[in-house]
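Here the structure comes first, spelled out in structure tokens, and everything after it is commentary.
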Amino acid sequence: MASYIIAGGLDGRERLRLLSRVMRPSTLALLERAGAQPGMRCLEVACGGGDVAFDLARMVGPDGSVVGTDIDPVKLDIARTEAAAQGLVNVEFRQADILRDPVEAGFDLVHVRFLLTHLTDPSAALERMRAALNPGGVLVVEDVDFDGHFSFPDSPAFRRYVELYSQTLARRGGDAFIGRRLPALLTQAGFGAVDVSIAQPAGIDGEVKLVAPITMELTAQSVLDEGLATEAELKAIVAELYETARTPGTLLSLPRVVGVWAVW
């Protein structure tokens, strides 16, 4: 996926693992509000290392099932290993690109998190997810609005990180502010009963404060490739972000995360 600007592989998996821990309470609450329940057949698009797919597998129980898809074979191998370690037999993982590969139908719920922001044509992805749903099935989407990203006290490095991330993504055809567009995108895709909620993890300690520096670190190569900053500047930004994150009492947030669910 040419528009994806965050490094993948093992380092990318560890970032997603941390991000999933931070996001887990709000994602579980969103899935419950959207109607996830025992017996459902679910599709987790862009599943990464499988964290949400594991939770979905527990939610739908032994009478339900979950299919997780992703383009990164490294993350998928890790997901299969971790599913087996957790004793989850109702989840499977497949390598697939939602925009290019055949879409299997017959799902009661489709969930996707932090994917549409990276796509040059998110509407096409939504149409293919819609095709995967049974009539009356539910699509659940979570994605970012980087305008809501904040720190306190004010940090020039943090502001520069937000700017560089947003500009790099735009250069690749993505949208760092797509969260606010999600209700309209789902309506345009033909979904009904669209509903929305907002989540924004933040903290003065803990893992939530590490998301920004790790993301900047794993985005640095894409920033360099786009010619938006020098290697020296990026190293200084990453160092200052880690220092801010590790300073007691500083407040760091994730981007504002918009969660939308709708019925097909």
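Residue check: Cys42 meets all listed conditions (1) surrounded by 23 or more Cβ atoms within 10 Å (Cβ to Cβ); (2) in a helix (DSSP H, G or I) but one, namely (2). On inspection, Thr27 fails the criterion of being assigned to a helix (DSSP H, G or I), more than 22 Å from Val144 (Cα to Cα) and at pLDDT 95 or above.
From the set of residues in the stretch 1-17 that are surrounded by fewer than 15 Cβ atoms within 10 Å (Cβ to Cβ) and in a helix (DSSP H, G or I), which is modelled with the highest pLDDT?
Out of the qualifying residues, it is Glu14.
The listed residues are Asn90, Asn134, and the only one of them that is of a type in the set (S, T, N, Q), surrounded by fewer than 23 Cβ atoms within 10 Å (Cβ to Cβ) and within 22 Å of Arg17 (Cα to Cα) turns out to be Asn90. Just one of the listed residues (Glu142, Glu104) is in contact with a strand residue (DSSP E or B) (Cβ under 8 Å, 6 or more places away or on another chain) and either part of a loop (DSSP other than H, G, I, E, B) or among the hydroxyl-bearing types (Ser, Thr, Tyr) (or both), and it is Glu104. Residues that are open to solvent by less than 20 Å² (accessible area, probe 1.4 Å), in a strand (DSSP E or B) and more than 23 Å from Arg13 (Cα to Cα) within the stretch 107-131 comprise Phe107, Leu109, listed in sequence order.
Listed here are the helices (runs of 4 or more DSSP H) enclosed by the stretch 146-264 that have at least 2 residues being within 22 Å of the chain's Cα centre (by Cα) and within 30 Å of Asp108 (Cα to Cα): 182-188.
The values are calculated or read from the model by the stated rules, or taken from the named source; none is laboratory data. The shown structure was predicted, so the numbers you read here are calculated from the model rather than taken from an experiment. FYI the Cβ positions are ideal-geometry reconstructions off the backbone, even for glycines, and counts take in every protein chain you see. The area values use the complete protein model at the heavy-atom level, side chains included, leaving out ligands, DNA and RNA. Shrake-Rupley method; radii C 1.70, N 1.55, O 1.52, S 1.80 Å.
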